[in-house]
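The values are calculated or read from the model by the stated rules, or taken from the named source; none is laboratory data. The structure presented is a predicted model; accordingly, all values stated were derived computationally and were not measured. Reconstructed Cβ throughout: ideal geometry from the backbone, glycine too, with neighbour counts over all protein chains shown. With ligands, DNA and RNA removed, areas are computed over all heavy atoms of the protein, side chains included. Shrake-Rupley method; radii C 1.70, N 1.55, O 1.52, S 1.80 Å.
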Amino acid sequence: MILLKKFILVICIILSITIVQNKFLKRENSENLTKKNEDYSQNENNKSEFDPEKLFKFFTQCLIESSNNSDYDDISIKEYLLAFEEINKFLSLLGSIFYFVISDIKEKINILNEHLEKEPNNYATLKTLIEFENNIKQSSHGIKNNPSCSITLLRLHRALIFICKLLKRLSNSHADQTSYQIGKEAYEQTLAKYHPWLIRKAVYLGINGLPRRDILISHMIRTETDKKMFPIFLNTVEKVCNITHFYYKKYDILDL
């Protein structure tokens, strides 16, 4: 059943890519060139709302300082999800081909927010979330054998590693490197190892539709303040990823 769902998702992505590409070709000499398909139009308003400073702020705020030293050892789920909402706004700038990615991230944000609202104490941080779900599922062989927020968060974690790698490569890239080359390398070093062949092929098609390298950079770095904060932001995201990795490795659930 899971394989069937993945196959259907891939077919939908490929069909979406074909529809969007054909639509763009027909409109390239038209005043309506910048309009997107009807499903994607609901995300258009997000474009003007994306704020790099908010993204930087939420990732900084989601780090929880250790009580034993000055380092960080936990993550606030609320701020983590707010950061991902900003990531979705950024992804909406990359073209309608990312509609399915945006929709999938939004679904996972909603799942985690629902649990956070119902049981704020148990789902307040990464540590409490994993410990809580691991404890209540011990009788049924732990998290590995049960659908859970731990699995949902792991999917976001993997996506974050890819996004961080992509942005880091973009910031260090040369003018002669294309967005496709950079995106393909970032994907192959991160998410590709979790995806079957069909999903990988669909992702490559999506990456091929990325805006130019300079346009991608301009979405994330708009001001001198953004430029100064960007390396700090990447370092912060890496800390978030490292803390997440630590807890998932601790409970042996990195490969779910």
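Just a few scattered comments:
- Scan of segment 69-127 for residues that are among the small types (Gly, Ala, Ser), within 16 Å of Lys239 (Cα to Cα) and assigned to a helix (DSSP H, G or I), ordered by number: Ala83
- Residues that are over 15 Å from the mean Cα position of the chain (by Cα), small (Gly, Ala, Ser) and part of a helix (DSSP H, G or I) were ranked within segment 152-209; the one that is farthest from Tyr123 (Cα to Cα) is Ser179.
- With respect to the stated conditions, Ile102 fails to be in contact with a Phe, Trp or Tyr (Cβ under 7 Å, 6 or more places away or on another chain), modelled with pLDDT under 95 and among the β-branched types (Val, Ile, Thr).
- Hey, Asn110 at pLDDT below 95, surrounded by fewer than 18 Cβ atoms within 10 Å (Cβ to Cβ) and not β-branched (Val, Ile, Thr) or not: no
- When residues in segment 58-68 are screened for being under 22 Å from the mean Cα position of the chain (by Cα), free of Cβ contacts under 8 Å to residues at least 40 places away in the same chain and either part of a strand (DSSP E or B) or crowded, with 17+ Cβ neighbours inside 10 Å (or both), 1 of them pass.
- Subset of segment 239-256 [part of a helix (DSSP H, G or I) and open to solvent by less than 60 Å² (accessible area, probe 1.4 Å)]: Val240, Cys241, Ile243, Thr244, Tyr247, Tyr248
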